1. Please go through the stretch 167-182 and pick out each residue that is under 21 Å from the mean Cα position of the chain (by Cα) and either open to solvent by less than 10 Å² (accessible area, probe 1.4 Å) or farther than 19 Å from E65 by Cβ (or both).
2. Among the residues of the stretch 1-32, how many are outside any loop (DSSP other than H, G, I, E, B) and either small (G, A, S) or farther than 15 Å from D184 by Cβ (or both)?
3. Any residue in the stretch 357-370 that's on the phi > 0 side of the Ramachandran plot and within 15 Å of the ligand (Cβ to nearest atom): show its pairings with residues that are open to solvent by less than 10 Å² (accessible area, probe 1.4 Å) and assigned to a loop (DSSP other than H, G, I, E, B) at Cβ separation under 7 Å, as long as the two are six or more apart or on different chains.
4. Only one residue in S202, S212, S194 is in contact (Cβ under 8 Å) with a residue 40 or more places away in the chain, more than 30 Å from G269 (Cα to Cα) and open to solvent by 10 Å² or more (accessible area, probe 1.4 Å), so which one is that?
5. Within the stretch 230-254, can you find the residues that are within 16 Å of the ligand (Cβ to nearest atom) and either without any contact (Cβ under 8 Å) to a residue 40 or more places away in the chain or not in a loop (DSSP other than H, G, I, E, B) (or both)?
6. Residue check, Y341 against (1) surrounded by fewer than 18 Cβ atoms within 10 Å (Cβ to Cβ); (2) modelled with pLDDT of 95 or more, all met but one. Which one?
7. Go through (1) surrounded by 12 or more Cβ atoms within 10 Å (Cβ to Cβ); (2) more than 16 Å from the ligand (Cβ to nearest atom); (3) not assigned by TED's automatic domain parsing to the domain that holds R104 one by one and return the number of the condition G429 breaks.
8. Assess whether G22 counts as being more than 14 Å from L171 (Cβ to Cβ) and either in contact with an Asp or Glu (Cβ under 9 Å, 6 or more places away or on another chain) or modelled with pLDDT under 95 (or both).
Amino acid sequence: MSTFAVRSPVSGDVLSEHPVHGPEEVRDTVVRGRGAAAVWAGLGWAGRRDRLLAWKRALARRMDELAALVARETGKPEHDARAEVLLALVHLDWAARHARRVLRMRQVSSGLLSVHQRALLGYRPLGVIGVIGPWNYPVYTPMGSIGYALAAGNAVVFKPSELTPGVGEFLASSFGEAVPDCADLLQCVTGPGSTGQALALSGVDKVAFTGSPGTARKVAAACAGTLTPLLAECGGKDAVIVGADADLDAVAEAVVWGAMSNAGQTCAGVERVYAVASVHEELCGRVVRAARALSPGTPDGEYGPMTLPGQLGVVERHMKEALAGGARAPLGGPESVRGPYVHPVVLVDVPEDSPAMTEETFGPVVAVNRVADLDEAVARANASAYGLGAAVFTGSRAAGLRVARRLDSGAVSVNSVLGFAGVPSLPFGGTGESGFGRIHGAEGLRAFAAARSVTVRRFAPAVDLTSFATPREKAAKAVELGRRLHARF
Ligand code: NAD
């Protein structure tokens, strides 16, 4: 089997070698997963919950080891990697503890027409889920699918990003050690995009993909041939809306963290800010002051390098096109790109049709534009092809909530950024170029389950509409009665 090398984004040195799994190995893995899923099903809700919590405790105990591995492969500071692992633990805990409540069979109303039937709704696992992950949050992001899919009763075959295969292998092997009686329930296959494609074509029962919209299209095309369902978590171009009465220090602090943490390589990171004219200048000054205080570096910087070397060129192009179109850069500019790092950049008055406003920049760059009022801010925020996250800052929480209701994004934070990411009961996902489907929360569990509807006949109905023995006239009268009722109410 051929192998591929992982290089440090900081030094370029080879860190490790990993196998390139081809279609045959991927298919074998899926077959093993099916066997494990059958054992998993036999454990019942409590058995599965206890084992998932045992895995969670093992990951918590090994947080330092896992965070160090994340830091090595992505270049992000270890303190960031530890916070990422904690978020993943919070979600795994929630999924394990809530799966039974959300998915078990329960009675639902059967309605007047079917009053003689007892109606039951439950959810069954889909089987084997193929999870294809990105590199920017190599634990938190895929665990939003892995943890919820396992809790819903499925097996998982995980294809991590080719930049972070060690993290994927760690997750699978730690599961096997913590849950030895079901070790093949979570398996890892490694390799480039072709391994992901093999997984999409392998006959898994659903693919949960996280990555760029361009790759999502390729995965969707692969899934189309076998009608394999797909959940797609893609990029974002999140906007922050700032009202006239917002606490500008709090806004600047949140915007700079939302835009610059993880070197801006966050799907729901802050890339656009729309501030009403009366506070725009003042806010820009505070954002620049807060951003200027940051320096990237390894291991002690506030953030690390661009994990994907090719992204340096994208970030530089976005800045150059914005400046050529008339934007100003009160902090940094193209010269801030000093590979492998990008120093903080603040852009102002960026043309709305510039790539810095329309495409995912995925670097520590934030554009702060002026708007006349909150209506214009909402219109501009919604004018994006993406619809992942957003934030609103206003003096009054009620006013913030009113704006939140008008935003076309999957999640909104009022008076914070990314507030939703750490709330496991809240579903996460987007619309448009940001993808479709939801991870996290009850929706995130149901995403990996199929509804199973059951009726149990309780007694013979007065008029049985599902029998040829019912006289036609009697059936017609019953139908007419039903028609009249629906015509009136
Ligand atoms: P990417 O699209 O390049 O790769 C994602 C994964 O897809 C990798 O594992 C890759 O090997 C695999 N892949 C590539 N070609 C494939 C193919 N033809 N078939 C199947 N799989 C294939 O994305 P990336 O650079 O790893 O991640 C960054 C992107 O992910 C950004 O756009 C970011 O916004 C997005 N992201 C989204 C979320 C979210 O939850 N919405 C979270 C994190 C990252």
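1. Matches in the stretch 167-182: V167, G168, L171.
2. Qualifying residue count, the stretch 1-32: 13.
3. As it stands, the answer is F362/Q265, since those pairs meet every condition given.
4. S202
5. L230, L231, A232, E233, D238, A239
6. Only one criterion in (1) surrounded by fewer than 18 Cβ atoms within 10 Å (Cβ to Cβ); (2) modelled with pLDDT of 95 or more is unmet by Y341, namely (1).
7. Unmet condition: (2).
8. In short, no.
The values are calculated or read from the model by the stated rules, or taken from the named source; none is laboratory data. The structure presented is a predicted model; accordingly, all values stated were derived computationally and were not measured. Positions of Cβ are backbone-derived with ideal geometry, glycine not excepted, and every protein chain shown enters the neighbour counts. With ligands, DNA and RNA removed, areas are computed over all heavy atoms of the protein, side chains included. Shrake-Rupley method; radii C 1.70, N 1.55, O 1.52, S 1.80 Å.
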